[in-house]
Amino acid sequence: MVKSKLKGIRIIERNNYNDLRGDFSRLFCSDDMDKHGWKSPVSQVNFSSTSNAKTIRGMHFQHRPNTEMKIVCCIKGSIFDVIVDIRKDSKTFLHWEGYELSESNRRSILIPEGFAHGFQSLENGVEMIYFNSEKYNENKDGGLNPTDPKLGIIWPLPIGIMSEKDRLRPYLDVNFEGI
């Protein structure tokens with residue numbers, strides 16, 4: 001397991017089993033994930049595909065009482081996965097870390113409650129699976145602007161496509177207290 005400076009973040013290296021038929025890898029097992037801090041049932045599983053390299057999705061979170069844990073897996077291609085600590089009482093409030101998740105390195109990231117999450121596709125045709133502890137609630141939807149200078153996220157590629165919603169999110173100001 002890769003260590004993180006942000007408390008609660010777990011980078012999990014999945015076991016891969018290979019034989020003449022191909023590969024097998026377990027994306028989620030409650031016994032394994034309990035050891036890493038996952039204590040909730042999975043309420044929602046999401047799949048996303050991103051057609052173009054350089055695309056940014058994020059930085060998303062849900063407000064209380066719908067804060068959520070996530071396990072993020074890249075099953076095709078590669079991404080630069082970014083997490084931002086938005087826990088208001090954390091020593092690492094508004095600090096970020098980024099990790100490459102890919103089809104070949106078979107890493108997953110467990111993101112506890114209190115973090116914003118997003119990623120940049122590093123190649124065309126990326127596919128992702130997310131396990132969420134809470135169902136998406138449009139009324140509790142939150143996000144940070146991925147280009148906010150206060151966050152200072154260093155994206156590995158020039159920014160390509162980004163949703164209008166993410167692009168228009170306001171930059172942080174003194175009123176942002178986190179969750």
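The values are calculated or read from the model by the stated rules, or taken from the named source; none is laboratory data. Model, not experiment: these values are computed from the prediction. Please note: Cβ atoms are built from the backbone with ideal geometry, for glycine as well, and neighbour counts cover all protein chains shown.
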Task: Evaluation of ASP85 against (1) at pLDDT 95 or above; (2) crowded, with 18+ Cβ neighbours inside 10 Å; (3) within 22 Å of GLN44 (Cα to Cα) (one fails), failing number - done: (3)
TODO: Check LYS7 against each of (1) surrounded by 14 or more Cβ atoms within 10 Å (Cβ to Cβ); (2) touching a Pro at 6+ places or on another chain (Cβ under 9 Å) and name the one condition it does not meet.
DONE: (1)
Open item on the list: Which numbered condition in (1) among the β-branched types (Val, Ile, Thr); (2) closer than 24 Å to GLU13 by Cβ; (3) surrounded by 14 or more Cβ atoms within 10 Å (Cβ to Cβ) is the only one that VAL45 fails?
Closed with: (3)
Task: Residue list for the stretch 41-62, restricted to those being in a loop (DSSP other than H, G, I, E, B) and touching a strand residue (DSSP E or B) at 6+ places or on another chain (Cβ under 9 Å) - done: VAL42, SER43, SER51, ASN52, ALA53, LYS54, THR55
